[in-house]
Amino acid sequence: MSIELIYESLYEALALSDASLQIWISITFAVIVAGHIAGRRIRHYTYGLVAGLYGLYSAVLLVRYCSAAYQILHYQGLLLSRGLEPWPVPKALGILIGSGTLLLMLGGTVATLWFIRSVRQENEPGHS
């Protein structure tokens with residue numbers, strides 16, 4: 001594998017990780033706004049459907065992000081084995097950014113699902 005191809009693959013993996021985060025942020029915002037605005041107009045089963053689809057797609061995006069992170073580490077390793085530095089950033093910073101993003105996606109998904117659950121419970125008949 002040529003050095004140019006390694007760099008190209010590395011930057012494609014970085015773009016994939018960024019795209020995964022951007023999509024996750026967009027759907028999370030959409031679910032929160034929809035749950036807040038729709039309020040009592042959405043039926044109980046619709047809340048379940050939204051929560052289920054959101055949870056499933058968030059899991060897919062989380063796996064996609066982890067796959068991109070693995071690819072990034074792989075291509076970094078290839079560059080390092082050839083005596084090249086991928087970029088002038090300390091390795092700890094990359095680990096911090098990757099771990100922080102992973103925790104953000106995981107915690108944000110759980111918080112959003114909790115929010116949807118609480119909105120659904122507030123809108124159930126008999127809840128005062």
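Some points to look at:
- Condition met for residue 81 (at pLDDT below 95, among the small types (Gly, Ala, Ser), surrounded by 13 or more Cβ atoms within 10 Å (Cβ to Cβ) and farther than 25 Å from residue 112 by Cβ): no
- Of all the criteria given as (1) within 22 Å of the chain's Cα centre (by Cα); (2) buried (at least 16 other Cβ atoms within 10 Å of the Cβ); (3) modelled with pLDDT under 85, the one not satisfied by residue 91 is (2).
- The stretch 1-31, residues that are among the hydrophobic types (A, V, I, L, M, F, W, C), within 20 Å of residue 102 (Cβ to Cβ) and out of contact with any Pro (no Cβ under 7 Å at 6 or more places or on another chain): 13, 14, 15, 16, 19, 21, 23, 24, 25, 27, 29, 31
- Subset of the stretch 68-98 (residues that are among the hydroxyl-bearing types (Ser, Thr, Tyr) and in contact (Cβ under 8 Å) with a residue 40 or more places away in the chain): 75
- Residue check, residue 26 part of a helix (DSSP H, G or I), among the small types (Gly, Ala, Ser) and over 21 Å from residue 116 (Cβ atoms): no
- Residue that is farthest from residue 27 (Cα to Cα) [pool: residues in the stretch 68-83 that are out of contact with any Ser or Thr (no Cβ under 9 Å at 6 or more places or on another chain) and of a type in the set (S, T, N, Q)]: 81
- Scanning the stretch 35-54 for residues that are modelled with pLDDT of 90 or more, surrounded by fewer than 16 Cβ atoms within 10 Å (Cβ to Cβ) and either of a type in the set (Phe, Trp, Tyr) or within 19 Å of the chain's Cα centre (by Cα) (or both) yields 52, 53.
- Any hit, the stretch 99-114, residues being touching a residue at least 60 places away in the same chain (Cβ under 8 Å) and more than 19 Å from residue 21 (Cβ to Cβ): no
The values are calculated or read from the model by the stated rules, or taken from the named source; none is laboratory data. Note that the structure is predicted; figures quoted are calculated from it, not measured. We place every Cβ from the backbone using ideal geometry, glycine too, and count neighbours over all the protein chains shown.
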